[in-house]
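Working notes, structure below.
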Amino acid sequence: MKFRMWKVMGLLGLLTTLNLSFQTEAKAAEITVETSTTLFARMDKPVSVRSTAGDDGAVVTTVLEGQTCEVVEPEKAGWLKVKVPEGYGYIRSDSATLIEKTQEKVDESAKERKEVVDYALQFVGGRYVYGGVNPNTGVDCSGFTRYVLKKSADVELDHSARSQSGKGKIISYEQARPGDLVFYGKNGAINHVALYMGDGKVVHASTEKTGIIVTNVMYRKPVKFVSVLN
């Protein structure tokens, strides 16, 4: 009997460890990086930029050898449309060498939202305490979202799920992004709030038994999604 009890306790301990490991390894959705390629023309010699695609076009300006201009339209009949300080004009395509430049642009909004979620995830495994305001010592659902959004994004919220549901902008589930708030209710009244992580997951101070955990957003039926971030 004693052996069986220890066996059961050992199994429960293993499941708890695996569950906590899954929660702490959860991550926010990846940051969106936009890649764009721009075409430039580097002049092989001094070049006259003309108002129209032809030698009879008026000279808009002259670009010196080695200088570059952005190409705004593909080559057509031996001419390129380029952007110059004076506006737009045309140059002969055989008077310049084309160069491609690739740029990466990070979605700053997505970056901030990832930082909010990553900040929240450090508290997974912490205690749920009704009325608590600090996840380091114990916190309830609205205390958790209030603390995380204030510390990570300087967003002020009240310590009440119902009050928080009236802030920001109402969005749909399809529009939800990491860092948005998800509200749950019963009998028409909101009684719980969680922080959306992306990929159908939320992190929240759930119950005294489970503490701060990561779950599927549909572990209960959400009644409202709200964005308080840009």
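Rule-based calculations on the coordinates, nothing more; no lab input. Because the structure is a prediction, the values reported are computed rather than measured. Don't worry about glycine lacking a Cβ; one is built from the backbone with ideal geometry, like all the others, and counts go over all protein chains shown.
Things worth noting here:
- Cut-off 12 Å between beta-carbons: net charge of the residues surrounding residue 89, Lys and Arg +1, Asp and Glu -1: +1
- Each Lys or Arg adds one and each Asp or Glu takes one away; over the other residues whose Cβ falls under 11 Å from the Cβ of residue 156, this sums to +1.
- Qualifying GluC sites (Glu not before Pro) in segment 48-102, DSSP loop, other Cβ atoms within 10 Å at most 14: 65, 86
- If you wrap segment 107-227 in the convex hull of its Cα atoms and look at it from every side, the mean projected area works out to 6.7 nm².
- Only helices enter this figure: runs of n ≥ 4 DSSP H residues, each worth -39500 (n - 2.57), summed and divided by the residues of the chain, yield -7500 deg cm²/dmol at 222 nm to the nearest 500.
- For residue 67, the amide hydrogen comes within under 5 Å of the amide hydrogens of 43, counting only partners 5 or more places away or on other chains and with H modelled in the peptide plane.
- Segment 35-105, relative contact order [Cα under 8 Å, separation at least 6], %: 41 percent
- Whole-Hz Karplus values for segment 184-193 come out as 10, x, 8, 6, x, 10, 6, 9, 7, 9 Hz, taken residue by residue from phi with 6.51 cos²θ - 1.76 cosθ + 1.60 and θ = phi - 60°; glycine and proline positions read x.
- Counting every pair of alpha carbons in segment 35-105, the share spaced more than 15 Å apart comes to 48 percent.
- Look at the alpha carbon pairs under 8 Å that are at least 6 residues apart: their mean separation over the length of the chain gives a relative contact order of 17 percent.
- Taking amide H positions as modeled 1.01 Å from N, with prolines and chain starts lacking one, the residues under 5 Å from residue 49 and 5 or more places away or on another chain are 60, 61, 62, 63.
- Overall dimensions of segment 84-131, expressed as equivalent-ellipsoid semi-axes from the Cα gyration tensor (√(5λ), whole Å, largest first), are 55, 13, 5.
- Amide H partners (placed H, <5 Å) of residue 159, local residues excluded: none
- Averaging Cα coordinates gives a centre for segment 45-83 and one for segment 108-158; these two points are 56 Å apart.
- Using C-alpha pairs under 8 Å with a sequence gap of at least 6, the mean separation divided by the residue count of segment 107-227 gives a relative contact order of 28 percent.
- Using the Cβ of residue 171 as centre and a radius below 12 Å, the other residues enclosed give a net charge of +1, where K and R count +1 and D and E count -1.
- Nearest-ten-degree value, helix 108-121 long axis tilted from longest Cα axis of the chain: 20 degrees
- Relative intensity, log₁₀ I(q)/I(0), of the chain from a Debye sum that treats every alpha carbon as a point, q = 0.09, 0.10, 0.11, 0.14 Å⁻¹: -0.57, -0.62, -0.66, -0.82
- Here the Karplus curve 6.51 cos²θ - 1.76 cosθ + 1.60, taken at θ = phi - 60°, turns the phi angles of segment 155-162 into couplings of 9, 8, 9, 7, 8, 6, 4, 5 Hz, with x standing for Gly and Pro.
- Backbone phi angles across segment 142-154, fed through the Karplus curve with coefficients 6.51, -1.76 and 1.60 (θ = phi - 60°), yield HN-Hα couplings of 6, x, 5, 5, 4, 5, 4, 5, 5, 6, 9, 9, 6 Hz in residue order; Gly and Pro are listed as x.
- Measuring spread by the Cα atoms of segment 117-188 yields a radius of gyration and Dmax of 12.3, 34 Å.
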